[in-house]
Amino acid sequence: MSIVALADADPSCGRKAYRLGVALRAGLPVPDGFVVTGPAVEPQRIAEQLDRLGGGSVAVRSSGLAEDTSTVSFAGQLETVLGARSLDEILVAVRRCAASPGTERARSYRARLDPGGDGPAAAPVLVQTLVAADHAGVLFTRDPRTGADVVLINASWGLGESVVSGAVTPDEVVVAPPGDVVRLTVGTKQTRLDLRGHGLVRSPVAEADRARSCVPPDGVARLVALGRRAEGLFGTAQDVEWAVADGRVWLVQARPVTTRGGPAPATDPAVAVPLVTGVPSSPGRARGPARLVRSVEDFRRVRPGDVLVCRTTDPAWTPLFGLAAAVVTETGGILSHAAIVAREFGIPAVVGVDRAMTALTDGDPVTVDGTHGTISGGHHR
């Protein structure tokens, strides 16, 4: 087994770690860490690295050799363990992350988007100091739906896992050059995930905080600057995960934006008045029977051409994206893992659809417009 300091990460450390190493060497604010590049785990060597980081909780993340390319992100497909603290917990997390390329969801994703190669059976593993974020999220330096030259920010209280997993409907900020906020949509942000002394805790967000943006105006400018620095460093539009703790902005991931569509077409007047609306997250229009899925027990009910309707999605649900004609979720934002995978699979998606699970009836035909964020009844053309 080889252990490499994040500041020295090279391509053998996997694309996630390598790109963060490049960013760290360029002076961007990246939390320190190290990479485990072999399957055998030597506890003493890992303990030494943890001592170097100063102890405390860490984020343990797969850093696959095939992920984070210009065409496939593997968003949410490989394993991440947040909040591991003891050596035993971290060793278990390292083994779990290393083995994650062999999971069903990763194989299904790879079969759809990278059918030419089986990919490695194991992945290098990145271990980093976990930023105890006050608020966090994702930003894209181009709109992945239209290719527009704007910075698109999704943000929520606490750790960024709430945004990337689609557990909440986040705030959305759209910033056009040279730095003008052209749209601010305050999301519901009903829960938050935080690092506490005894581990991770998900708790309700106070009503007052749900109703206000978690990113202050000067924070927006700093996030835009971070995104533009990453874009300049890597030479292409970037998908950036970020975190803010005690007023300091951290970059925790940078990878290429995998999809950049064309301008949105005009709304089709033949489409009926929407039953529900949400955040347009993957462009296109599709028709099919609504299939309400509440848990993995419902997977067997999904048939090719169904419209997947759910509260939120889990990475384990990726095989359903290969069957579904479109995806509708009650929570989440345009930069969540589910939205990214839907765009990569080329199926329409509308997320953040309030009460979708009650407004839509299982088996009824619906038309999903992922360009304009609407779900209408019947097979309208």
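Counting only Cβ charges, +1 for Lys and Arg and -1 for Asp and Glu, the dipole size of region 135-256 around its Cα centre is about 120 debye.
Among the trypsin sites (Lys or Arg not before Pro) within region 284-368, those in coil by DSSP and having at most 15 neighbouring Cβ atoms inside 10 Å are ARG294, ARG355. The alpha carbon radius of gyration of the chain, expressed as a multiple of 2.2 N^0.38 Å, is 0.96.
Every Cα-Cα pair of region 3-129 was included, and the share exceeding 27 Å stands at 15 percent.
For region 209-225, backbone phi angles converted through the Karplus equation (6.51, -1.76, 1.60; θ = phi - 60°) give residue-by-residue couplings of 6, 5, 8, 10, 5, 7, 10, x, x, 5, x, 4, 4, 5, 5, 4, 4 Hz, Gly and Pro being listed as x. Mean-square fluctuations from a GNM of the chain, with a 10 angstrom spring cutoff on Cα atoms, peak among GLY197, GLY219, GLY333 at GLY197.
Against the main long axis of the alpha-carbon atoms of the chain, helix 43-53 sits at an angle near 80°. Helical content alone sets the calculated 222 nm signal of the chain at -6500 deg cm²/dmol, taking -39,500 (n - 2.57) per DSSP H segment of four or more residues and averaging over every residue.
Give me the percent relative contact order of region 3-129, please, defined on Cα pairs under 8 angstrom at least 6 residues apart.
Values: 222 pairs, mean separation 41.6, N = 127.
Relative contact order here is 33 percent.
Placing +1 on the Cβ of every Lys and Arg and -1 on the Cβ of every Asp and Glu, with no other charges, gives the chain a dipole of roughly 460 debye about its Cα centre.
Compute the Cα gyration tensor for region 276-377, then decide on rounded, prolate or oblate, letting a ≥ b ≥ c be the square roots of its eigenvalues: rounded whenever a/c is under 1.5, prolate when a/b is larger than b/c in the other cases, and oblate in all that remain. Rounded, because the longest to shortest axis ratio a/c is under 1.5.
If you fit an axis through the alpha-carbon atoms of helix 104-113 and take the longest principal axis of the Cα set of the chain, what angle between them do you get, 0 to 90°, nearest 10? With rounding to tens, the tilt is 70 degrees.
Between the amide H of VAL366 and those of GLY288, ALA290, GLY378, distances stay under 5 Å, these residues lying 5 or more places away or on another chain, with hydrogens modeled in the peptide plane.
Read-outs throughout are calculated quantities, based only on the coordinates presented, and are distinct from any laboratory measurement. Quick caveat, the model's predicted, so the values are computed rather than measured. All Cβ positions, glycine included, derive from the backbone under ideal geometry; neighbour counts span all protein chains shown.
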